[in-house]
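Written below as structure tokens is the structure these notes are about.
No lab work stands behind these numbers, since they all come straight from the coordinates. Because the structure is a prediction, the values reported are computed rather than measured. Reconstructed Cβ throughout: ideal geometry from the backbone, glycine too, with neighbour counts over all protein chains shown.
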Amino acid sequence: MDKLGHTFSAFQLSAISSATWQWSNVAKQKSDRIGALTSFGVMSSIEILDGFSAGYGASLTDLIANAAGTGLYWGQQALWNETRIYPKYSFHRTHYAPIRPSLLGDGLAEEIVKDYNGQTQWLSFDMDKFMRFPKWLNISVGYGAEGMIFATDAGNHNAGYQPYRKFFIGIDFDLTALKSRNKTLNTLIFIANMVRLPAPALEFSNGRATGHIFYF
């Protein structure tokens, strides 16, 4: 989950940086290139600082995840000159956080970042860019996990927890289909589109399928 979080953050930072440069009247192609390089540079600098911290240490897999996020953004701009596949995030509160608030967060603001049990990372496909499909409707695939109280599988198993993976497929809403002449509103839409809104989804976990009318 942590690596997917790095990919999500690197992608979104690339998109935000590119949009900022375009707002400054820099050509889109150049803005995309600068945005991707800026994102990778910022995210990688955090890893370098972690490398000098005794409590963390640098991580090659984190760097790879950062590169994947910037590559997902820049690659789409180079191939299609637009974004057709959006990384998105969703979160719901779980009963795990109160068990270990120091690790999983104390309160909603911390839990959103720390409690991986409630997080789902998505790839939302803008289907109307590939085939005839409602412009406002996307198909998304997601990945999550549950049963994680400690940082390692061994720690979880020793405490009686059985972590497991969850896979999802569901519908999603493409908020970028909403167009406005108001720049502030367009900015809010841009930010809101980073989140997968509650919608029907099918979950595959522990060898069975479970339907959700609204999953977040």
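Values for this structure:
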| item | result |
| --- | --- |
| Farthest positive-ward along region 84-216 dipole, Cα basis, beta-carbon charges - from N158, A199, S180 | S180 |
| Extension reserve of the S102-Q162 stretch, reckoned as 0.36 nm per residue once the Cα distance is removed | 19.6 nm |
| Principal axes of region 78-216: Cα extent on each, largest first, Å | 54, 35, 32 |
| Footprinting exposure proxy for R84, R181, R196 (fewest neighbouring C-beta atoms within 10 Å first) | R181, R84, R196 |
| The chain - mean residue ellipticity at 222 nm from DSSP helices (-39,500 (n - 2.57) per run, n ≥ 4, rounded to 500) | -14000 deg cm²/dmol |
| Sequence-distant residues sharing a close amide H with K88 (under 5 Å, placed H) | W122, L123, S124 |
| Around E82: net Lys/Arg minus Asp/Glu count, Cβ-Cβ under 9 Å | +1 |
| Kirkwood hydrodynamic radius (C-alpha pairs) into Stokes-Einstein, region 1-50, 10 °C and 1.306 mPa s, D in µm²/s | 143 |
| Long-range HN-HN contacts of F173 with modeled amide H, under 5 Å | N138, L197 |
| Ranking of V42, V113 by count of other Cβ atoms within 10 Å, fewest first | V113, V42 |
| Student exercise, region 84-216 dipole from Lys, Arg, Asp, Glu Cβ charges, in Debye to nearest 20 | 580 |
| 4 °C / 1.567 mPa s Stokes-Einstein diffusion coefficient of region 1-152, Kirkwood radius on C-alpha pairs, µm²/s | 76 |
